[in-house]
Every structure is written in C-alpha cells, then in structure tokens.
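Data block below; observations after.
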Amino acid sequence: MTVYESDLPGVGKKHEIDLPDGTQLVVVTHNEGRREVFLRPAPDGDSEKLFELSDDLARQVGTILEGAYFQPVKSQNIETLLGGDTLLEWVSVDEGSPIVGQTLGESDLRAATGASVIAIERGENVIPSPGAETEIQPGDTLIVVGTRENCEDFESRVTGA
C-alpha cells in the first residue's frame, strides 16, 4: 500500500492511498479538522466524494478502524456452548479428508463419535437437517452437536488427524 501526502495551501492536506484493486482512496483534511473522503476509480479518473466527517467524528471512526475498540481474532475452531456439556461446532472438510465422497450414513460418524451433523454449509447454501444419503464434499462445513469429547472425536475423524 502506497500513501501519497501533499499540502493544499489554504485548505489543509491531501492523502492518496493506493488500494489493492487499483483504485485510490483520497482523504482531504481541512485546516479546521473536517475530513472529506473520495474514491478515484483510476489514476487518471475523476474522484467521487463518498462522505464527509467532522473532526471529532473522524477521530472516533479512526480509532475504530485502527482497532482501539476491538481486535478481530480469526479462530480456526468455532464452537458454541449450548448448555451443560453440549457444544455446537463447525468442522471444515478439506479435500484430503477421509470422508470426502462418502454419504453421512456411509461415514458412520454419528455411531462412531456420538456427535450429530445438524446442517452443512456448502458455499453460499445451507443444507438443514441433512439425511444419511447426503454426500460430503470438500469445502463443506459440517455443523455438529454433541459433548466436547464427541465433537473432538468427530473432528479428528474428519480431518484424519
């Protein structure tokens, strides 16, 4: 990411930020603190004003963007405690998983682990209450319910670890 800074005599400063898609974000900071934000679709194109912020609001938005209020943490494991020792867990199926190409019934995971698949996320689609005949595909995310031990056993069999 490249940022260009230039003075605007009598106005303030201009910052031009190259974005990964080839567009440019332009921020004009006026001497009185007001910020104008523009988007330039191409280096030789005209900028389109997106919005304007007061000094106070710009500072608040800036602290949110820099992560002062919340630091996102990407988790490999997603689980939700339903109560007691019952978990709802999302298990990703990689291409090398031993259950790819099998149906839920053929995989026999429920009988082997005690955990049940209650839904499958497949791309943008969700298959609710999948039947025993539902084939497991690489890239699927299986939503599983069971005890922590059931879910850990289930995940180790899906990942082959």
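Brief remarks on what is shown
- The range 78-159: translational diffusion in µm²/s, Stokes-Einstein, Kirkwood Rh over Cα pairs, 37 °C, 0.692 mPa s: 264 µm²/s
- Spin-label pair residue 61/residue 132, simplified geometry with 7 Å Cα→Cβ offset, distance in nm: 5.7 nm
- Derived value for the chain: Kirkwood hydrodynamic radius 20.0 Å. Basis is the mean of 1/r over every pair of different alpha-carbon atoms.
- Loop-exposed GluC sites (Glu not before Pro) per DSSP, neighbour cap 13 Cβ within 10 angstrom, longest uninterrupted part of the chain: 33-65
- Label-point separation, residue 32 to residue 3 (7 Å along Cα→Cβ), nm: 2.5 nm
- Longest stretch of the chain clear of exposed loop sites (chymotrypsin sites (Phe, Trp or Tyr not before Pro), DSSP loop, at most 10 other Cβ atoms within 10 Å, sites excluded): 71-161.
- Per-residue [θ]222 nm for the chain (sum of -39500 (n - 2.57) over DSSP H runs n ≥ 4, rounded to 500): -5500 deg cm²/dmol
- Counting charges near residue 105 (Lys, Arg +1; Asp, Glu -1) among other residues having Cβ under 14 Å from its Cβ returns a value of -3.
- J(HN,Hα) series, the range 90-97, from Karplus relation 6.51 cos²θ - 1.76 cosθ + 1.60, nearest Hz, glycine and proline x: 9, 10, 7, 9, 7, 4, x, 5
Just so you know, all these numbers are worked out from the coordinates, no wet-lab data involved. No experiment lies behind these values; they were computed from the predicted model shown. No Cβ is skipped: glycine too gets one built from the backbone with ideal geometry, and neighbour counts run over all protein chains shown.
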